[in-house]
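Colleague: Please read through the structure below; I'll follow up with questions.
Laboratory data are not the source of any read-out in this text; all were calculated from the coordinates shown. These figures come from a predicted structure and were not determined experimentally. Glycine gets a Cβ as well: all are built from the backbone with ideal geometry, and neighbour counts include every protein chain shown.
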Amino acid sequence: MKSLFEKLFLIEILKGLALTVKKLLFEKPVTIECYDKVIPQPYPGFRGRHALVRSELTQGPICVACHRCERVCPSRCIYIKTVEIEEEGKRKRQLAEYAIDASRCVYCGYCVEVCPVNALVLTEFYQYVGENREDLYFDQERLLKNWDEFIAKAERPYFNPFWKPKGIPEGFFSIVKRKAKGV
Amino acid sequence: MSLVLEVNKKQKGKDSWEEPFYLNMGPQHPSTHGVLRLFLELEGETIVNCDPIIGYLHRGIEKLAENLNYNQTIVLSDRLDYISSAANNVAFALAFEKLFKLEVPRRAKLIRTIVSEMARICSHLLWLATHALDIGAMTVFLYCFRDREWLLNIYERICGARLTHTYVRVGGVRRDFEPEVIEELYRFVEEFPKRITDYETLIDTNRIWLKRTKNIAVVSAEEAFNLGLTGPCLRGSGVSYDVRKFRPYDAYSEVEFEVPVGQNGDTYDRYKVRMIELRQSNWIIKQCLDKLSETEGELVLAENSPDLLMPEKVREVSAQPHPKLGVMFKPKEKEIVPVGEAFASIESPKGELSVYVVSDGSSRPWRLRIRTPSFVHISAIPHMTKGHMIADLVAIIGTLDIVLGDSDR
């Protein structure tokens, strides 16, 4: 008898309708008016656009050209060129050119983690496009510009969570990384 | 090309009225969940034969892995089943840890269990959303995506990425949970069972849903075994097989949970099994969060685990006897990882995901073989569709829960 009653009066469909009407009338909308009023902000540590940290002393990158990021990159999209210079009778290796092909990058963040001097960062900036391939090929100047754009809005001192991830044994980090306080 | 020849052969010598009707579905059809192509032989609207064609998303992940070191290989695993990448990461890491004979810290094990159960919830929510949308329920789709968004936001806080996490690494995980993440997860765990009740109110007894799912694609327990189904598809047929129970990995031996089974093995039973699994996953996360407070402040990576950057070759100078010189010093390549093989399998949201790795002592796997559930499930489509209507085909693809990135690799 009950089943006939349910069949005749569409009880289960009415129940479903009641639920949706209740959500419609008494609950806040889930969707947000994106880009008109609210711009969604990623959480700290989001792996977004690449940047090279600008040193306050030299106004250039603090990269020491150790090639570690180049070797750890799974998609091999980091290109580093070095020059050897003589300074005070010692031969030194110096960075000549640093470039990242963002269109090949998989945003794993391994490069940020292995960098011994915290020179590289994947910033929380994610709204970027390129109209052609050259726009997404970040050379050294572009990477430094990315950093300026990012740090202008970020809180100081800035410390990326992937520079020294929480809970990892100290032995995995260089001395510079262990003492790092942020820029 | 061979397909066309086959069709020509069948059509030869027959009148036009008795020719079978051939239909090509996909690879761009929206309800094939990716780039699956189905070549159908129809009689009216009934499917006589169905030939799935895969390979449109082949990236050669197994071959690529041979040129990357062990930690870099985990990046590739994100791209297998991109809906539940955390679970894939765990499978790869488990196989490599067996090879390296590493002991993972307890906190890392608990964290891995949490992220892989979150992946299960994510995957099942997306499955429910698209399955319901294919069958015709729009509201469930929107509700499920709302809740999945919440989980993706938590993932973003945990590891900085929403889909391709790369969170697990060999020997542990990459980063410990922040305290805010644990609070947010507690909030999610409290709220989520109410949301599941909402979905069930909408479709559980809905007559359209029942008509579209009951007695569709019935697979008996024996057939399911023979077809190689795993995961919820096997459990829907009444076989209580779960890798988490039979070969517990990570922290699954510490937590309590039930393995739901169906009775009839039809689409509706598989739906029921997955809905119960959502609740069980929620419960597992809750237990793990309680246990996580016991291990506060512990490390999440084993001390002797390999660095992200492994050297390609390590040479060791060794002395060897020489007939004329007496002794000769010769550089010899040293083993970086133990030579041997390892196998690990996990219960990924779609089924059983296994990884087999062979090492020759260098820092890169000599051979990596991945057994993915979607590939096996696609091979069951011809058997399951026989005698059904075209409209049911969409429901069958949905109930198998296939991801083409997983099957083509």
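Colleague: Give me the inter-chain shielding for A:101-112: mean count of other chain Cβ atoms within 10 Å, whole number please.
Modeller: Other-chain Cβ atoms within 10 Å of each residue's Cβ, averaged: 4.
Colleague: Taking only the C-alpha atoms, wrap a convex hull around region A:50-179 and report its volume per residue in Å³ as a whole number.
Modeller: Hull volume normalised by residue count: 131 Å³.
Colleague: Among the complete DSSP H segments of chain A, which ones combine at least 20 Å of alpha-carbon extent along their axis with a mean Kyte-Doolittle hydropathy of 1.0 or more?
Modeller: Qualifying helices: A:11-26.
Colleague: How would you order A:96-106, B:62-72, B:397-407 from highest to lowest mean count of nearby Cβ atoms within 10 Å?
Modeller: Ranking the peptides A:96-106, B:62-72, B:397-407 by packing returns B:397-407, B:62-72, A:96-106.
Colleague: Further, regarding this structure: Hey, any idea what Rg/Rh is for region A:1-86, computing Rh the Kirkwood way over Cα pairs?
Modeller: 1.45
Colleague: If you don't mind, another one. Across peptide A:42-51, how many C-beta atoms of other chains are within 10 Å of each residue C-beta, on average?
Modeller: Per-residue shielding by partner chains comes out at 4.
Colleague: In addition: Cα to Cα, under 19 Å, and not fewer than 8 places away if on the same chain: which aspartates and glutamates meet these conditions relative to A:LYS145?
Modeller: Correct list for A:LYS145: A:GLU56, A:GLU97, A:ASP101, A:GLU124, A:GLU131, A:GLU134, A:ASP135, A:GLU155.
Colleague: By per-residue mean of other Cβ atoms within 10 Å, what is the highest-first order of A:49-57, B:22-30, A:86-94?
Modeller: A:49-57, B:22-30, A:86-94
Colleague: Taking Rh as the Kirkwood radius computed over C-alpha pairs, what is the Stokes-Einstein D of the protein assembly as shown at 37 °C in a medium of viscosity 0.692 mPa s, expressed in µm² per second?
Modeller: Translational diffusion coefficient: 123 µm²/s.
Colleague: Now, a different point. Along the charge dipole of chain B, pointing to its positive end and built from +1/-1 on Cβ of Lys, Arg, Asp and Glu, which listed residue (B:CYS288, B:GLY160, B:SER31) has its Cα farthest out?
Modeller: The listed residue farthest towards the positive side: B:GLY160.
Colleague: Under 17 Å from a label point 7 Å along Cα→Cβ of A:LYS166: give me every residue in region B:278-318 with its amide N that close.
Modeller: Residues B:289-301 fall inside that zone.
Colleague: Let me ask something else about it. Helix-only estimate, please: 222 nm mean residue ellipticity of chain B, summing -39500 (n - 2.57) across DSSP H runs of length 4 or more and dividing by its residues, to the nearest 500.
Modeller: For chain B, the value works out to -14500 deg cm²/dmol.
Colleague: Same structure, new question: Relative to the longest principal Cα axis of chain B, at what angle does helix B:2-11 sit, 0 to 90 degrees, rounded to 10?
Modeller: With rounding to tens, the tilt is 20 degrees.
Colleague: Let me ask something else about it. Report the label-to-label distance for A:ARG133 and B:GLU258 in nanometres (one decimal), using points 7 Å from each Cα along the Cα→Cβ vector.
Modeller: It is 5.8 nm.
Colleague: Between A:ILE85 and A:ILE175, take the C-beta separation as r, use R0 = 25 Å, and let me know the FRET efficiency to the nearest 0.05.
Modeller: 0.55
Colleague: Let me see the P(r) profile for region B:212-370: every Cα-Cα distance counted, bins of 5 Å, each bin given as a percent of all pairs.
Modeller: All Cα pairs, binned at 5 Å, distribute as 2, 7, 11, 12, 12, 11, 10, 9, 7, 5, 4, 3, 3, 2, 1, 1, 0 percent.
Colleague: Let me ask another. Give me B:HIS377, A:HIS67 sorted ascending by neighbouring Cβ count inside 10 Å, so fewest comes first.
Modeller: With the fewest neighbours first, B:HIS377, A:HIS67 line up as A:HIS67, B:HIS377.
Colleague: Now, a different point. With everything on Cα atoms, drop me the angle between helix B:390-400 and the longest principal axis of chain B, reported from 0 to 90° to the nearest 10.
Modeller: 30
Colleague: Contact order normalised by length for chain B, with contacts defined as Cα pairs under 8 Å and 6 or more residues apart; what percent is it?
Modeller: That works out to 25 percent.
Colleague: Per Stokes-Einstein, at 37 °C and 0.692 mPa s, what whole-number D in µm² s⁻¹ belongs to chain B, with the Kirkwood radius over Cα pairs as the hydrodynamic radius?
Modeller: After rounding, the answer is 142 µm²/s.
Colleague: Then there's this: Using only Cα atoms, find the angle between the long axis of helix B:267-292 and the longest principal axis of chain B, and express it within 0 to 90 degrees, rounded to the nearest 10.
Modeller: 30
Colleague: Report the gain in length on full extension from B:ASP290 to B:GLU223: 0.36 nm times residue separation, minus Cα-Cα distance, nm rounded to one decimal.
Modeller: The span from B:ASP290 to B:GLU223 would gain 20.1 nm if fully extended.
Colleague: Sticking with this one: Past 30 Å, Cα to Cα, is the threshold; run A:LYS177/B:LYS313; A:LYS164/B:LYS98; B:LYS245/B:LYS386; A:LYS23/B:LYS286 against it and keep the listed order.
Modeller: Over 30 Å apart, Cα to Cα: B:LYS245/B:LYS386.
Colleague: Still on this model: Explain nothing, just the number: relative contact order of region A:50-179, from Cα pairs under 8 Å at least 6 residues apart, as a whole percent.
Modeller: With pairs under 8 Å counted, the relative contact order is 29 percent.
Colleague: Let me ask something else. Taking each residue of A:12-21 in turn, how many C-beta atoms of other protein chains fall within 10 Å of its C-beta, and what is the average?
Modeller: That works out to 5 on average.
Colleague: Expressed as a whole number of Å, what is the distance separating the alpha-carbon centroids of region B:120-184 and region A:12-52?
Modeller: 14
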